1. Take region 289-305 and flag every residue that is assigned to a loop (DSSP other than H, G, I, E, B) and either crowded, with 19+ Cβ neighbours inside 10 Å or at pLDDT below 95 (or both).
2. Only one residue in A313, A309 is open to solvent by 40 Å² or more (accessible area, probe 1.4 Å), modelled with pLDDT under 95 and farther than 21 Å from A451 by Cβ, so which one is that?
3. Tell me, which residue of region 140-159 that is polar (S, T, N, Q) and open to solvent by 10 Å² or more (accessible area, probe 1.4 Å) is farthest from G627 (Cα to Cα)?
4. Got at least one residue in region 343-362 being surrounded by fewer than 18 Cβ atoms within 10 Å (Cβ to Cβ) and assigned to a loop (DSSP other than H, G, I, E, B)?
5. Just to be sure I understand, how many residues within region 240-251 are of a type in the set (V, I, T) and open to solvent by less than 10 Å² (accessible area, probe 1.4 Å)?
6. Just wondering, is there one or more residues in region 574-587 that are of a type in the set (A, V, I, L, M) and open to solvent by less than 20 Å² (accessible area, probe 1.4 Å)?
7. Looking at region 743-754, is at least one residue more than 30 Å from P862 (Cβ to Cβ) and at pLDDT 90 or above?
8. Output yes when any residue across region 322-333 is aliphatic (A, V, I, L, M), open to solvent by less than 30 Å² (accessible area, probe 1.4 Å), touching a Gly at 6+ places or on another chain (Cβ under 9 Å) and not in a helix (DSSP H, G or I), and no when none is.
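The values are calculated or read from the model by the stated rules, or taken from the named source; none is laboratory data. Since this is a predicted model, take the numbers as computed values, not measurements. Cβ placement follows ideal geometry from the backbone for every residue including glycine, while neighbour counts extend to all protein chains displayed. Surface areas here come from the heavy atoms of the whole protein model, side chains and all, with no ligands, DNA or RNA. Shrake-Rupley method; radii C 1.70, N 1.55, O 1.52, S 1.80 Å.
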Amino acid sequence: TVPPYRHGAGAAVAFSAAFLCAGQPFAAQPIQQHRRRRYAINAPATMLLDWLRSEGLTGTKEGCAEGDCGACTVAVRRHGKPVAALNACIMPIALAHGAHVTTVEAVEHPIKDALVEHHGSQCGFCTPGFVMVVAALPADTPTDRCSLEDALAGNLCRCGAYEGIYAAVGAACRGEHDEPGAMARVDAEVKVTGAAVYTADVFPAGGLHAVIVRSPIAAADVGPTPMDAAPWVVDLLGDHRSVVYAGQPIAAIAAYSLAEARRLAADFPLELTPRPFVTDPEAAKADGAPEVHAGKAGRKAAPNAAEGAAFPARWSGNVRGPISVRFRGITANRRIEKARSNGDVGLAELEVGTGVQLHTSFEPHCTVADWSDPEKLVMWTSTQALNHVHEELAEHYGLDPNAIEVHADFVGGGFGAKLGVTPDMHGAIQLSRMSRRPVRLVLDRREELTATGNRPGSSSEISLLVGDDGSFEAMVMEGEAYGGSAINGAYGMLAALTYRRAPKLTRDRDILTNTPPGTPFRGPGGPTAAWALESAVDQAAHQTGRDPIELRRTLDRNPKRLALYDWALGLDVWRSRPTTGADTGRFRRGVGVAAANWVYNLDPATEIEVAVRDGRLTVSTATQDMGTGSKTVLANAVAEVFEVDQGDVVVRMGLADGERPHGPVSGGSRTTPSIWSTTVEAAEKLKAEIGGSPTSEHEGMHARVKRAKDSRRALRLTLPTSIEVGRGFSGAVHVSEVEVDTLTGKVRVLTVFGGIAVGRIHSLPTARNQCEGSIIQGIGLALYEQQVIDPHTGLTLTSNLEDYRIPQLGDTPEITIHFHEEGWDHVPGGGVGLGEVATISPAASVGNAIFNATGWRPTHLPIRPDRVVEALR
Ligand code: FES
Ligand code: FES
């Protein structure tokens, strides 16, 4: 049973909503007195959430402001009524009149300790909401998985920490966590208590509120920005004065209040000359279609959907490419054509497609900048590229690196969308420079779901030929990437690099449209390539009567993945797999498999300092933790060397100031392989100098170390943001079990087994968290997530969390993660990153499981119920 709800001391408050509307401190007045001031209730609706946060109770988060995500949950108790968990973002404070409201800061409940111990928190942005819902559950709430799904259905977690949340809620309800448990994630406690301060929680005294003025239409020439239309205005468009999608930033403005800034933005006199536009890729390819990026200057300004530099390619209207990858490409074509004319059973040919997926980080893009001192720019920003942002902004604004501080103590998710300098940064910085005041610019959920990036959609034609003995005979793939107004959505190379050498030819093109641009998204191109390739391999296995895992064993040479195939073949769920399409009942069970391949990335410039500061071991570097557990990895590395508890190590990250050592970008799975071995080396060096454990006489001693080179030469392909491609490929194999309701078309993923081959795991719980979250996001890609654009206006229709559906607790399968830890001895530390490789194959394994269950092969993502019903009808 759920323990009784208890109020703690501190933030449990009783107040008069009417009085709050008048903008006065609630504590000074007794409630009865304010009931008479009813006029104030008619003031513009102020939501309870806004008031709580403006009072400094920032543990209560704003994830959507529309009642969809649960991040703002508070417990409300009225006289004589039971406690209710309510969304503060949609509760006008007038309705809270006389109620006792308890926020996460004041709750005393075992769920907090349980979430810490069971790793129910990754980035932590959603965590206070879960705490509040569980704390307010009635004592007799059943604790089986289905009941908890219902009880927590109003709360979402984009990191996909649901497995940990299930475990934590169950344990708390069984009374197993009345005392604090062991802490394995160094920042978990401040996340569950609401004490963690994210950029969105920074409200500087005397600061201005800023918003971005965006294009309301999909294509236009833009006149000069009217700089006198608001007290503080900056232009974000620059010299190239055209917009190519609805929602594109044009200017940023600031005012004394957010409401005033929004009013000014709504009335902002934009001078737009509309141009014809195109939102549909097929129409964009047609002769005479309006060109998204016209002329040399327009094409040069096209945003990049990937992290790496774009390969040079030809343009023809809205088509860019093809970009080809050939391993004996002529032979590949010839063999496919011959097999086609012979009707060869080993030739699998599919036309497949994927939808556009949105990152949906729960902390939106946001920046607080303070350039009131002309000599010093101090800013907080939600970024996964702290050091890179620091360097780029210093250069852009001509600042000495020591004259700019960039803070990102806690980051509420990123998934690739926060890898560079973004318009909110420039807007806040320039407005602060102009006004000589701190400026806070936080995107709302609609902006976040419209204009901050996406995983490009795709369409692929793939032909895969296997021989009678299961040999890899040939593969040809033609692909199109739909990255909106961005280029470089290429994914063919990733398909070509998977499996053994064979005649292969991939060619893909960008099809440009007047829709929001793509950006890197966890394993950029990987899930897209896997959806095509792994569906084709599965189809070839089916046509040739082979076990799909056994066929992959034959096609593959990667020893790490071969070990994972052995593991997968031994799973009970695989051994009990039904014959494809044999089931004819309403509910059909199926099991599918898919494999993943990913490059090994590192940041060769990474530096770590381990020091004795204030009598404690302290590890420092200018990187960030966006929920992946990098702080824990750093602490573990020092603790291991000094043989102390993880809690004895102070971790200093989340700041780039020109002094802190260079830290890696959290992207491309490069953080852990860059920081682990470097930290170990620095700690060993310091330990050797002080000859054991630190004492007060070692105060100030430190060791600063740059990342060591691999024992085998890296590929020397150095890309932007200090990333280097190392030698070797990581691998993953996912086995998913689904149940398909053939009447409603609903697919339920029951269990997923994820095998991950990335070498040594340095922090097991956080690594497992990452892999579980990858599976949840893969299920979202497979079944639910799809950006929808209005073809008539170019506006994004899926701009809230009801219309853009991400997985919730009830969509979570039972997940088992298996790590294969061998094969990376040439890498310092013996292991590489896993955030990307773990993301690539879950969606394809779900698709293959549906084929196994029904005999119908899903080809287009998401596999919506209507598609299932139509196909099975
Ligand atoms: Fe209130 Fe999302 S912020 S439900
Ligand atoms: Fe839930 Fe990040 S931990 S959104």
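1. Answer for region 289-305, where residues must be assigned to a loop (DSSP other than H, G, I, E, B) and either crowded, with 19+ Cβ neighbours inside 10 Å or at pLDDT below 95 (or both): A289, E291, V292, H293, A294, A301, A302, P303, A305.
2. Every option except A309 fails the conditions.
3. If we take residues in region 140-159 being polar (S, T, N, Q) and open to solvent by 10 Å² or more (accessible area, probe 1.4 Å), then T141 is farthest from G627 (Cα to Cα).
4. yes
5. 2
6. No, every residue in region 574-587 fails to be of a type in the set (A, V, I, L, M) and open to solvent by less than 20 Å² (accessible area, probe 1.4 Å).
7. no
8. yes
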